[in-house]
Amino acid sequence: MTGLVAVTGATGFLGRYIVRALIQNGWRVRILARAYPVHEQFSDLTFEVVPGDLSDPDALRALITGADRIVHAAGLIKARSAQDFHRVNAQGTANLIAAINAQGGALRLLLVSSMAAREPQLSHYASSKNAAEEIIRARLTPPHEWMILRPSAVYGPWDVETFGLLKAVSLGVAPRLGGRNARIGLVHARDLAAAVAAVCAQGAGGAQYEITDARQDGYSWEEITAAAAQALGIRPVALPLPAWGVRLAGVLGSIRGQISRSPVMLTIPKSREILHADWSSSPAKQPPVALWRSEIGLNCGFRETIGWYQAQGWLFSRANSHQLD
């Protein structure tokens, strides 16, 4: 099935991939944005724009009128406070649900959540994503239907959050931010966007899936930095960071955020997410293979991502004694 998909969060890192995947799969797309987006990833795409945000009932009503599907991908991944996370990730979802419930017909809403929602006690972000899921389950009224995707850590070209880790490896340092037995699920943004498009077309109402690449049991920190090193063509020095070091970095980040009064990614709550030992998934939690399967492995994904960073001048390989033969 194809038709019209209304998308929130379309101008963010993941949202831009989602818009492209939907259009490539034959959907017409309408997005919610504060201003008309001008971005290289949108240069060859055609879509409708509704001015506004999740706090604007009129904009939400205009966004979803006549839509066949709604992809709710908007959300903060870093914020100044727990209140800011809740205002956008939870209350913004509640506002969207209210608009949907006021519509006639039967709409299907796909929430792009996060695997962090499994552990709401870890951080304000995780708690707000869990709250958004609960709002959808509790408040969306029939005949409307919901679907939920919980992605693992997302990376790919244009991502500024994974960049810090890859930059460290490019400088010859391979940090291990969690325990030796920690497992981290990963998925390339293009793969995740393809999952969104597939679930929009054929997903079942009331279904919840986790999304990782083919390594559903996740990766160790050593495997992640080794894949980055291979893509860069270097041999970095391993740097295991004790848990107290990660926590200290979170404390310093929180202090910096308070002083600058601006959102910071690495905070005390985020350090708890990083140190959590199990961000793996399993086949039982993933979409059926007939619906979607990952196409991009970590080595291939990191080669593409690092190649893009290098082409943009963000990263440079080290041509020194650490370089591989």
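Note down the net charge around Ile136, summing +1 for each Lys or Arg and -1 for each Asp or Glu among other residues with Cβ under 12 Å from its Cβ. Kindly include the intermediate steps, with their values, before the conclusion.
Working: positive: Arg108, Lys129, Arg137, Arg139; negative: Glu133, Glu134, Glu145.
Local charge sum for Ile136: +1.
Quick check on the range 58-101: what does the Kirkwood estimate of hydrodynamic radius come out to from the alpha carbon pairs, in Å? Don't skip to the answer; put the middle values down first.
Values: mean 1/r = 0.0879 Å⁻¹.
Its Kirkwood hydrodynamic radius stands at 11.4 Å.
Within the chain, helices built from complete DSSP H runs that reach 15 Å or longer along their own axis (Cα positions) and carry a mean Kyte-Doolittle hydropathy of -0.5 or higher are 13-24, 189-202, 221-232, 243-260, 298-311.
Explain nothing, just the number: relative contact order of the chain, from Cα pairs under 8 Å at least 6 residues apart, as a whole percent. List each step's numbers first, then the result.
Details: 640 pairs, mean separation 57.6, N = 325.
Relative contact order comes out at 18 percent.
Arranged by the count of other C-beta atoms within 10 angstrom, fewest first, what order do His39, His188 take? Could the numbers behind the result be given before it?
Values: His39 10, His188 25.
So the ranking, lowest neighbour count to highest, is His39, His188.
For Lys78, the shell of other residues with beta-carbons less than 15 Å away shows a net charge of +3, using +1 for Lys and Arg and -1 for Asp and Glu.
A cut-off of 5 Å between modelled amide H atoms, ignoring neighbours fewer than 5 places along the same chain, links Ala33 with Val50, Gly52.
At a 10 angstrom cut-off on C-beta neighbours, averaged per residue, how do the peptides 285-298, 162-175, 224-237 rank from highest to lowest? Spell out each step's value before the answer.
Values: 285-298: 16.6, 162-175: 18.4, 224-237: 20.5.
In descending order of packing, they fall as 224-237, 162-175, 285-298.
Pair-distance distribution of the range 189-244: all C-alpha pairs, bin width 5 Å, starting at 0; shares per bin in whole percent are 4, 13, 16, 16, 14, 12, 10, 7, 6, 1. For the pair Arg247 and Ala106, a Förster radius of 35 Å applied to the C-beta separation gives a FRET efficiency near 0.15, rounded to the nearest 0.05.
Alpha carbon centre of the range 1-72 versus the range 94-173: separation in Å? Taking the Cα centre of each part, the range 1-72 and the range 94-173 sit 16 Å apart. Calculated on the Cα set of the range 106-160, radius of gyration then Dmax: 13.0, 39 Å. Using the Cα gyration tensor of the range 216-270, with a ≥ b ≥ c the square roots of its eigenvalues, what is the shape: rounded (a/c below 1.5), prolate (a/b larger than b/c) or oblate (neither)? It comes out prolate by the Cα gyration axes.
Length available on full extension from Val289 to Asp58: 0.36 nm per residue minus the Cα-Cα distance, which gives 79.3 nm.
With Cβ to Cβ distances under 14 Å as the rule, what net charge do the other residues near Ser260 carry (K, R +1; D, E -1)?
On the way: positive: Lys78, Arg80, Arg256, Arg261; negative: none.
Once positives and negatives cancel, what remains is +4.
Mean projection of the Cα convex hull over all viewing directions, computed for the chain: 16.6 nm². Straight-line reach from Lys270: taking Cα to Cα under 17 Å and skipping same-chain neighbours fewer than 8 places apart, the aspartates and glutamates in range are Asp84, Glu119, Glu161, Asp278. Within the listed set Thr93, Thr141, Thr267, the residue fluctuating most in the Gaussian network model of the chain (springs between alpha-carbon atoms under 10 angstrom) is Thr141.
Dividing the convex hull volume of the alpha carbon atoms of the range 147-215 by its residue count gives 109 Å³ per residue.
Eigenvalues of the Cα gyration tensor times 5, then square-rooted: what semi-axes does that give for the range 222-305, in whole angstrom, largest first?
Working: eigenvalues 179, 82, 39 Å².
In descending order, the three semi-axes are 30, 20, 14 Å.
Stick to the Cα atoms of the range 7-109, pair each with every other, and give me the Kirkwood hydrodynamic radius in Å at one decimal. Let's see the in-between values first.
On the way: mean 1/r = 0.0710 Å⁻¹.
Evaluated on the range 7-109, it is 14.1 Å.
Quick note: the coordinates plus some simple rules give every number you see, no bench work behind them. Keep in mind the model is a prediction, meaning the values are calculated, not measured. Positions of Cβ are generated from backbone atoms using ideal geometry, with glycine treated the same way; all protein chains shown enter the neighbour counts.
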